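The structure under discussion appears below in the form of structure tokens.
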Amino acid sequence: MEDNKKSGWDKVDIILKPVGGLLTAIAVALLGFFGSQFLERRQAIETNARLYTELMSKREEAESALRKDMFKSIIDSFLKPESALIEEKVLNLELLVYNFHESLNLKPLFLHLKKILSELPTSSDDEKQDKNEYIERLERVAKEVVRKQMSVLEVSGKKFSRTIVFERLGKSTIGVKLPGGILKLDNIERNFSIVASKVDLEAKEVKVRLEIRTLNDSEEKASTVVAEFWVGLFDFPMIDNTRLSHDQRCAVILTNYSEYSANIVLLVFPGSHASLKEKPYYEEVIQNLGKQIRFLDARTSKQP
């Protein structure tokens, strides 16, 4: 009986040994095949990524060189006023604005060129028409740049708009207080108050007083920021803005101007969306790093 059982197990052992060896060989072959395919795909991805990085780096270098040459040739027309006509200056300013509006404060050039245009002699109707057309071109390109910058900032920011009626402003000696607003960005809630005090109809500018009170700052006591300034068509939000705590910015933008009223927009946005020349303070960098570390620690603690 025991011999029969042993002989049965022996038969099973004899059958399973080659099967096990075959399965092991198949598993090793499959592992090698799929492993080599994985390594090949990984190498291909790394090669493509390295090639893409090199191409992008060369493209950025070529673009930077082109922008440098363009900037030099355009700015020379303003530094050497005798070498350029009014038409060329207006065209050069348009090129300069469309290509460098995020990194340069171009308001002085706008004001300078508008002053030159306003002092042009107009002895005939044609000269008067040309002068008005140049000024309209300046205002049109400024409005277009403001629109582009606002479309970028509104994605990650908050805003509200108000209307200033000049008739009410002329009857008041202390200015007109516009309806305030509360905006919340990145869990920081602020109360914004705007007072319009003066208007310059010729320059198309409005003087405003801005008060910003932080309501729920957990890291410091509620603070109030006060700023008074003129806002016009040549003030761009990425450049002309007020610094707030927690690496945030606030800009008052003149979006429309008529003989009787003006429309303004108050926009609060992250400091990372400000112009390239606006660098955060070291305290803000450390503060942001601390927030990221606390966020990662919180996520890690929640994981099982």
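Each value in this text was obtained by applying a stated rule to the coordinates, not by laboratory testing. In this text, all values refer to a predicted model and were calculated from it rather than measured experimentally. Here the Cβ is made from the backbone with ideal geometry for all residues, glycine too, and neighbour counts use every protein chain on show.
Stretched out fully, how many nm does the piece from ARG41 to ASN191 gain, at 0.36 nm a residue minus the Cα gap?
Numbers: separation 150, 0.36 × 150 = 54.00 nm, distance 5.45 nm.
The span from ARG41 to ASN191 would gain 48.6 nm if fully extended.
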TODO: Could you tally the net charge around LEU183, taking each other residue with its Cβ under 9 Å from the Cβ of LEU183, Lys/Arg +1 and Asp/Glu -1?
DONE: +3
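With the cut-off at 20 Å, tell me which of the pairs LYS107/LYS177; LYS114/LYS159; LYS107/LYS207; LYS107/LYS128; LYS107/LYS159; LYS115/LYS171 have Cα atoms farther apart than that.
On the way: LYS107/LYS177 27 Å; LYS114/LYS159 30 Å; LYS107/LYS207 16 Å; LYS107/LYS128 24 Å; LYS107/LYS159 23 Å; LYS115/LYS171 30 Å.
Exceeds cut-off: LYS107/LYS177; LYS114/LYS159; LYS107/LYS128; LYS107/LYS159; LYS115/LYS171.
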TODO: Answer with one residue from VAL155, THR122, LEU138: the one whose Cα lies farthest towards the positive end of the charge dipole of the stretch 115-166, charges on Cβ with Lys, Arg +1 and Asp, Glu -1.
DONE: VAL155
Task: Loop-resident sites, the stretch 149-244, for GluC sites (Glu not before Pro), counting at most 10 other Cβ within 10 Å (DSSP) - done: GLU202, GLU219, GLU220
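Calculate the dipole size of the stretch 158-285 relative to its Cα centre from +1 charges on Lys and Arg beta carbons and -1 charges on Asp and Glu beta carbons; express the result in debye to the nearest 20. The partial results should precede the final answer.
Numbers: 18 positive and 18 negative charges, 79 e Å.
Dipole magnitude for the stretch 158-285 comes out near 380 debye.
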Task: Distance between modelled label sites at ARG209 and LYS148, nm, 7 Å Cα→Cβ extension - done: 3.7 nm
